[in-house]
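What follows draws every value from the coordinates through simple rules; no lab data is involved. Bear in mind that the values here come from a model prediction, so they are computed numbers and not experimental data. Virtual Cβ from ideal backbone geometry, glycine too; neighbours counted across all protein chains shown.
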Amino acid sequence: MIILGIETSCDETSIAIVDGRKVLANVIASQTLHQEYGGVVPEYASREHMRMIEPISRRVIDSTIKDLSKIDGIAVTYGPGLMGALLVGLSFGKGLAVALGKPFLAVNHVEAHIMANFIVHSDLDYPFLCLLVSGGHTMLVYVKSFGRYKILGTSVDDAAGEAFDKAARILGLGYPGGPIVDRLAKSGRKDFHVFPRARVKGNELNFSFSGLKTSLLYLVKRKGESWVQENLADLCASYQEAVVDMLLRNTFRAVEMVECDKLVLAGGVAANSRLREVFRRNAEDIGVKLYFPVLEYCTDNAAMVAFTGYEMLRKGITSPLDIPAVPALKFDSTE
């Protein structure tokens, strides 16, 4: 089945076409205009999606299947994300579905991130444990099969990606913060400063990153700007180490609890080089198979949306055309 995927949940306009697990095209246009504002401006994001979605779609179609009638379904992210941004992709996708008389597939953005690993790992099979770690979400999910999920732990405040972005803002590094912190940390000392590693009462698999961010803020205010600039790489390295430590501790505790031999990383923060290094080493030590996407499928992209739509259609799941955009769409345990 050939599925057209559309992703406009935040600041990437992405269109993809997949034929089963095979990605025929996956074009991602990142909106760099937000960098000067230190974060995504929702109104500007919506306007950029409106400007880019039609020409990107034409480019993808012309470079692959040529004829829109060959498409078997239209998969679109309907949440979570920014309302205006979601509406652009959702409206465009619904229009195509009506015009072509094809099934419409409304995709949960979080579920699509989990499914991204299937695109590049032909040996990945259910069940597995997934650490989904991005700018908006940090959660441990036991994936029994497609559509059957059990959430074991989640962040009670900031997501890990948000913690990186806020740290970059405190340090005056720009946006998006995660890749900048990762790059600077490569030349820094991981033990330069011991940042707090939070433990959450009640559920030992839950995460908390707000205290870490506050600790960095107070440290910067106490030491001053010149000290920060002199020790920037060391601060990034030790801050990043604290984030990775907390993710590592909870994830491998969950691996023990569910006795799972497959661990999957997903989401934008899965691109972090230190995270991959530490998780790979720990997985090897205990004989767990580790999977993570190539960088293209870590960040927001339409290929993961299209593949999720393929799985939905394969199981006979379609969506009504009156389904709305849901900015705060939840991803919950299904059983």
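Below are the figures for this structure:
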read-out: Dipole-positive endmost among Cys236, Ala271, Thr214 within segment 126-295 (Cβ charges, Cα centre); value: Thr214
read-out: Highest-MSF residue in the chain out of Gln240, Gln35, Gln229 [GNM, Cα springs under 10 Å]; value: Gln229
read-out: Dipole-positive endmost among Ser30, Pro324, Gly188 within the chain (Cβ charges, Cα centre); value: Gly188
read-out: Set Lys66/Lys144; Lys166/Lys223; Lys22/Lys144; Lys66/Lys330; Lys22/Lys150; Lys150/Lys213 screened for pairs whose C-alpha atoms are more than 26 Å apart; value: Lys66/Lys144; Lys66/Lys330; Lys22/Lys150; Lys150/Lys213
read-out: With Cα atoms, 0 to 90° folded angle of helix 232-258 axis to the chain main axis; value: 70 degrees
read-out: Taking the C-alpha atoms of segment 276-335, convex hull volume expressed per residue in Å³; value: 176 Å³
read-out: Cα centre as origin, Lys/Arg/Asp/Glu Cβ charges: the chain dipole, Debye; value: 220 debye
read-out: Listed peptides 84-95, 130-141, 288-299 by packing density, highest first (mean Cβ within 10 Å); value: 130-141, 84-95, 288-299
read-out: Solvent-free Debye scattering, log10 I(q)/I(0), computed from the Cα coordinates of segment 126-295 at q = 0.14, 0.18 Å⁻¹; value: -0.69, -1.09
read-out: Beta bridges per DSSP with both ends in the chain, % antiparallel, nearest 5; value: 60 percent
read-out: Student exercise, segment 126-295 dipole from Lys, Arg, Asp, Glu Cβ charges, in Debye to nearest 20; value: 140 debye
read-out: Distance between segment 165-186 and segment 127-159 - C-alpha centres, whole angstrom; value: 24 Å
read-out: Euclidean distance of C-alpha centroids, segment 245-263 and segment 271-321, integer Å; value: 17 Å
read-out: Translational D in µm²/s for the chain (Stokes-Einstein at 37 °C, 0.692 mPa s, Kirkwood Rh from C-alpha pairs); value: 160 µm²/s
read-out: Crossing angle, helix 160-170 versus the chain [Cα axis fit, 0-90 degrees, rounded to tens]; value: 60 degrees
read-out: For segment 126-295, share of DSSP beta bridges that run antiparallel, in % to the nearest 5; value: 60 percent
